[in-house]
Amino acid sequence: MKLLLATDAWAPQVNGVVRSLERTCAELESRGWSVTVLSPEGRRTLPCPTYPEIRLTLRPGKAAAEVLGAADYDCIHIATEGPLGWAMRRACRARGLAFTTSYHTRFPEYLRMRLPVPLALGYAMIRSFHGAAARTMVRTPTQARELTERGLQNLRVWPGAVDTALFRPRDKNALALPRPIAMYVGRVAPEKNLEAFLDLDLPGSKVVVGGGPSLQRLRRRYPEAHFPGYRHGKALAETLAAADVFVFPSRTDTLGLVMLEAMAAGVPVAAFPVPGPANVVIDGATGALDEDLREAVFRALACPDDACVDHARQFTWEASARRFAELLIPTGRGCQDGVYNRQPCPSPLPGPKPASTSPAN
């Protein structure tokens, strides 16, 4: 099977969307799929206003035409609503090719935080973008219900996952700070609502791991907090496992992959009772959900580590990739009079490739 993935979110960006897409591609390729990624990597870009770490591709229409002309694809998936996403959408429609999309972030809410754009206008754009797809993948059932109420159709849940080999309980001595250690990991940006965490009156230490457009401002405003910057791979896993509680103050995330990573590391989660956390945190068992975030922190600290680990182990990348593959639509089953044939791709995700039985050279 040949898959074309078009995404404006890709390395070197560091976020849950990129991690999800990279790991899904790796899972598919390990099972014999051929995956081509159209991303800003290696292309001329300019920084996104207010968020320079995000790069916007110049001449995205040319890039989409080139990659479509280079090969025939069994399935096409568009992961983001950025310049490459819109260009691939236009190119597929012009060629009569069916495609799927996914909705990862609350784009209208994020846009309104930065510009005076009404939510109604933002969601009209979202309906237009995803309405052209044969199917749109969302991360949680709650998100599916909310978007249905906003007028989106043909939604299917594609659950998140966590690498439990990397994210697991480790030595707490990785951080030599007063305890308890309350930690956030992720983008340091306005939509993450980090002030709600950093303003809390808590014992011990507060740690914010990651980077983004708000990092320097928050460092100046909260000199008592610790901002070690980005961590990757094993260093991230060791840092995360050293926390006593993971604080997730965002009210707008659709999933929050890092919450699963925290629980896999044996760290309970404190969050607001909103979509995203409500779909992955078991209140009173693997963390605490409360409108009083300080109360959530103290309740989460009482949760057993092993309950967090056991819960996170249910979210495997193999299962997530299998679901993703099941939801893809063959490109040839295009739009006929405004109606898509929404049959899935054949043989969506075979098992692992058998080991070679050829004699060694």
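The values are calculated or read from the model by the stated rules, or taken from the named source; none is laboratory data. Remember, predicted model here, so these are calculated numbers, not experimental data. Reconstructed Cβ throughout: ideal geometry from the backbone, glycine too, with neighbour counts over all protein chains shown. To get the accessible areas, we keep the full protein, side chains included, count just its heavy atoms, and leave off ligands, DNA and RNA. Shrake-Rupley method; radii C 1.70, N 1.55, O 1.52, S 1.80 Å.
In segment 260-295, what residues are part of a helix (DSSP H, G or I) and touching a residue at least 24 places away in the same chain (Cβ under 8 Å)?
Leu260, Glu261, Ala262, Met263, Ala264, Pro277, Ala278, Asn279, Val280, Leu293, Arg294
Considering only segment 296-314, state which residues are part of a loop (DSSP other than H, G, I, E, B) and of a type in the set (Lys, Arg).
Arg313
Which of (1) of a type outside the set (A, V, I, L, M, F, W, C); (2) over 19 Å from the mean Cα position of the chain (by Cα); (3) open to solvent by 60 Å² or more (accessible area, probe 1.4 Å) does Gly151 not meet, given it meets every other one?
All conditions are met except number (3).
Just one of (1) in contact (Cβ under 8 Å) with a residue 60 or more places away in the chain; (2) within 18 Å of Pro141 (Cα to Cα); (3) open to solvent by 30 Å² or more (accessible area, probe 1.4 Å) trips up Gly256, so point out which.
So Gly256 meets the others, but not (3).
In segment 163-186, how many residues are at pLDDT below 95 and buried (at least 22 other Cβ atoms within 10 Å of the Cβ)?
1
Mind checking whether some residue in segment 266-273 is within 20 Å of the chain's Cα centre (by Cα), of a type outside the set (A, V, I, L, M, F, W, C) and more than 23 Å from Leu166 (Cβ to Cβ)?
Yes, because at least one residue in segment 266-273 is within 20 Å of the chain's Cα centre (by Cα), of a type outside the set (A, V, I, L, M, F, W, C) and more than 23 Å from Leu166 (Cβ to Cβ).
Could you grab me the full set of residues in segment 232-249 that are part of a loop (DSSP other than H, G, I, E, B) and in contact with a helix residue (DSSP H, G or I) (Cβ under 9 Å, 6 or more places away or on another chain)?
Those that are part of a loop (DSSP other than H, G, I, E, B) and in contact with a helix residue (DSSP H, G or I) (Cβ under 9 Å, 6 or more places away or on another chain): Ala242, Ala243, Asp244, Pro249.
Quick check on segment 126-133. Is at least one of its residues among the β-branched types (Val, Ile, Thr), closer than 18 Å to Leu5 by Cα and out of contact with any Cys (no Cβ under 7 Å at 6 or more places or on another chain)?
no
Mind listing whichever residues of segment 38-48 are surrounded by fewer than 18 Cβ atoms within 10 Å (Cβ to Cβ) and either touching a strand residue (DSSP E or B) at 6+ places or on another chain (Cβ under 9 Å) or within 21 Å of Leu257 (Cβ to Cβ) (or both)?
Matches in segment 38-48: Glu41, Arg43, Arg44, Thr45, Leu46, Pro47, Cys48.
Please indicate, with yes or no, whether at least one residue in segment 187-209 is more than 18 Å from Glu261 (Cβ to Cβ), among the aliphatic types (A, V, I, L, M), open to solvent by less than 10 Å² (accessible area, probe 1.4 Å) and outside any loop (DSSP other than H, G, I, E, B).
yes
Which residue, of Val18, Val35, is open to solvent by less than 40 Å² (accessible area, probe 1.4 Å) and within 23 Å of Met113 (Cβ to Cβ)?
Residue meeting the stated conditions: Val18.
With the requirement that a residue be of a type in the set (Gly, Ala, Ser) and touching a residue at least 12 places away in the same chain (Cβ under 8 Å), what does segment 39-69 give you?
Residues satisfying the conditions are Ser39, Gly61, Ala63, Ala64, Ala65.
Can you give me the number of residues within segment 151-174 that are among the aliphatic types (A, V, I, L, M), touching a strand residue (DSSP E or B) at 6+ places or on another chain (Cβ under 6 Å) and in a loop (DSSP other than H, G, I, E, B)?
Residues meeting the conditions: 0.
Considering every residue within segment 180-191, establish whether at least one is over 30 Å from Ala319 (Cα atoms) and among the charged types (D, E, K, R).
no
Taking only pairs six or more apart or across chains, which ones have beta-carbon atoms under 6 Å, a first residue in segment 224-242 that is without any contact (Cβ under 8 Å) to a residue 24 or more places away in the chain and under 13 Å from Gly210 (Cβ atoms), and a second residue that is open to solvent by less than 20 Å² (accessible area, probe 1.4 Å) and of a type outside the set (A, V, I, L, M, F, W, C)?
Gly229/Gly211
Provide a single number: the residues in segment 274-319 that are over 20 Å from the mean Cα position of the chain (by Cα), buried (at least 20 other Cβ atoms within 10 Å of the Cβ) and at positive phi.
Of the residues in segment 274-319, 1 are over 20 Å from the mean Cα position of the chain (by Cα), buried (at least 20 other Cβ atoms within 10 Å of the Cβ) and at positive phi.
What single numbered condition from (1) within 20 Å of the chain's Cα centre (by Cα); (2) closer than 22 Å to Glu318 by Cβ fails to hold for Trp10?
Failed condition: (2).
Looking only at segment 12-50, count how many residues are among the hydroxyl-bearing types (Ser, Thr, Tyr) and not in a strand (DSSP E or B).
Qualifying residue count, segment 12-50: 5.
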